[in-house]
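What follows is one structure encoded as C-alpha cells, with my remarks underneath.
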Amino acid sequence: MKTILRLKTIKNKSIIFLILIISSLLLAPISCSLKDAVKKCKFKVDRIAIKDFSNEGFKAVVTFKIKNPNWISLTIDDLEYTVWVNGKELGNGKSEDKISIPRKSKSYVDVPLQIKLTELSGSLFKILFSGNIEYRVKGKAVFATFLGKIEYPFDLEKEMKRSKKKKSEKADL
C-alpha cells in the first residue's frame, strides 16, 4: 500500500512539474513579446509650460507625447523624470495617475514638475534669458503587464532657440 501511495505521489509531482515546464514554454514568447512592445514605444517631450509662480518656486507641466505602435494597449503605472536646462538641474516630476496608451495611437500626457528657486540660486535668469536653451529630460516609465512590471528608461535632449514672443503669449520652453 505504501508503495502505491509513493508511486501516486511521484506521478503527481511529475505531472505538476510537466505542467510548469509547459506553462513556462508557452509564457516565454508572450513575455518577450511584451518587452518588445514596450521597447517600441517612443517618448518625446512635446512642451514644457510654466504655470504658477510663488516665493518658494514655480510649477510647470511637462507634456509627453507617447507613441504606441503596437497591437496591444499599454498601461504606465509610474513615470518619473528629472529636467535639466543648460546643464542645471531644474526639477523632478512624477505622474499622479496610471497612464493608458491605446494600441496603434499616440497619447499626450501632462506630468507636473515642481521647481524650487533655492535649488537654482542665481542661475535662473541665465537659464531663462540665454540665447539658446538646451534641455534634457531623463527618467523611466514602469509599464504594467499581466506578467509583471517592465521598466523603460528614456533620455531626451533638445536644443531650442528662443524666439521673441509678444507679451500676451505664455512662456513655453
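For Val85, state whether it is touching a residue at least 60 places away in the same chain (Cβ under 8 Å) and more than 18 Å from Tyr152 (Cα to Cα). In short, yes. If you go through the stretch 64-91 and keep only what is in a strand (DSSP E or B), over 16 Å from Pro112 (Cα atoms) and of a type in the set (S, T, N, Q), you end up with Asn68, Thr75. Checked against (1) free of Cβ contacts under 8 Å to residues at least 60 places away in the same chain; (2) within 18 Å of Leu156 (Cβ to Cβ), Asn70 passes all but condition (2). The number of residues in the stretch 40-70 being surrounded by 14 or more Cβ atoms within 10 Å (Cβ to Cβ) and of a type in the set (S, T, N, Q) comes to 3. Residues of the stretch 71-83 that are surrounded by fewer than 16 Cβ atoms within 10 Å (Cβ to Cβ) and more than 9 Å from the chain's Cα centre (by Cα): Trp71, Ile72, Ser73, Thr75, Thr82. The residue pairs whose first member lies in the stretch 99-125 and is more than 18 Å from Thr63 (Cβ to Cβ) and in a helix (DSSP H, G or I), whose second member is of a type in the set (Asp, Glu) and at pLDDT below 90, and whose beta carbons are closer than 8 Å, counting only pairs six or more residues apart or on different chains, are Leu117/Glu56; Thr118/Glu56; Glu119/Glu89.
The values are calculated or read from the model by the stated rules, or taken from the named source; none is laboratory data. In this text the structure is predicted, and so the values were computed from the model without any measurement. With ideal geometry, Cβ positions are generated from the backbone for all residues, glycine too; neighbour counts draw on all protein chains shown.
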